[in-house]
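The values are calculated or read from the model by the stated rules, or taken from the named source; none is laboratory data. Note that the structure is predicted; figures quoted are calculated from it, not measured. Counting neighbours? That spans all protein chains shown, and the Cβs are built from the backbone with ideal geometry, glycine included. Accessible surface is based on the protein model in full, side chains and every heavy atom, while ligands, DNA and RNA are left aside. Shrake-Rupley method; radii C 1.70, N 1.55, O 1.52, S 1.80 Å.
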Amino acid sequence: MLFARITQLGKSYGARDIFKNLDFEVHQEDRIGIVGPNGAGKTTFFRIFCGLEEADYGQVIHSSGLRIGYLEQFQSWSPESTVRQILEEAFAECRQLEVRKADLEYKMTHAQPEEQKELMEEYGKIQHRFEHLGGYDQEFKLTKVAQGLGFPPDTWNDHASVLSGGEKTRLALARLLLSEPDLLFLDEPTNHLDILMLQWLEDF
């Protein structure tokens, strides 16, 4: 399955070409490494691909509905946010679906017979989406990923403000993995991972 097509992509800063005339495709299950020295344009390319920055010319064409996850090198959160709150951001859609399900359940218990069919059809669609997103496995997945990247349950109430730069990167990676994007961009993700965490990430 084709995820994205890059055609004649180019970016310059002043008279300096960061890259030019890039042409390639990204397919499902591709694993691609972008290698180069600092300042070569790797992060710039990531940001253009993810729609965070404009190219000077060329196109990045995504498949319809493609969900992209991007791990940036530097993270910032509200100082009041806890580790658990940041991890749970990955389940935002599931939480919205839970609220809508509860609303529909209430309405169905009070609806007239002629309204029941429409409400049940919507409920069925929401339930299917909730299950597809792994809504019933949220706590299991959160625990697995958080502990794999060095955040056992006794750290979940810690505030983001007390985390080191490396811990913030690992926390952002954990949240990103929990969100299960179709296409995952990792900008130097191994800088703050020890051997055990790196092995865990490869297995994951």
| request: Kindly provide the set of residues from region 56-99 that are touching a residue at least 40 places away in the same chain (Cβ under 8 Å), open to solvent by less than 90 Å² (accessible area, probe 1.4 Å) and acidic (Asp, Glu), ordered by number. | output: Asp56, Glu72, Glu88, Glu89, Glu93
| query | Among the residues of region 139-158, is any in contact with a His (Cβ under 9 Å, 6 or more places away or on another chain), assigned to a helix (DSSP H, G or I) and surrounded by 17 or more Cβ atoms within 10 Å (Cβ to Cβ)? | reply | no
| said: Quick check on region 33-55. Is at least one of its residues touching a strand residue (DSSP E or B) at 6+ places or on another chain (Cβ under 6 Å), under 19 Å from Ser179 (Cα atoms), part of a loop (DSSP other than H, G, I, E, B) and in contact (Cβ under 8 Å) with a residue 40 or more places away in the chain? | reply: yes
| task | Output the qualifying pairs, or none if there are none: Cβ atoms under 6 angstrom, residues six or more apart or on different chains, first residue in region 159-176 and farther than 17 Å from Glu80 by Cβ, second residue of a type in the set (Gly, Ala, Ser) and part of a helix (DSSP H, G or I). | result | Ala174/Ala146
| request: Check whether at least one residue in region 41-52 is of a type in the set (A, V, I, L, M, F, W, C) and modelled with pLDDT under 90, and report yes or no. | output: no
| Considering region 100-148 alone, what residues qualify as being within 30 Å of Arg170 (Cβ to Cβ), free of Cβ contacts under 8 Å to residues at least 24 places away in the same chain and hydrophobic (A, V, I, L, M, F, W, C)? | Phe140
| message | Looking at region 6-24, I want the residues that are in contact (Cβ under 8 Å) with a residue 40 or more places away in the chain and have a partner that is basic (Lys, Arg) with Cβ atoms under 7 Å, at least 6 apart or on another chain. Which pairs are those? | response | Gly10/Lys20
| task | Using the structure shown, decide if Leu196 is at pLDDT below 90, closer than 30 Å to Asn38 by Cβ and in a helix (DSSP H, G or I). | result | yes
| request: Name every residue in region 1-22 that is under 16 Å from Thr44 (Cα atoms), of a type outside the set (Val, Ile, Thr) and assigned to a strand (DSSP E or B), in order of residue number. | output: Gln8, Leu9, Gly10, Lys11, Ser12, Tyr13, Arg16, Asp17, Phe19, Lys20, Asn21, Leu22
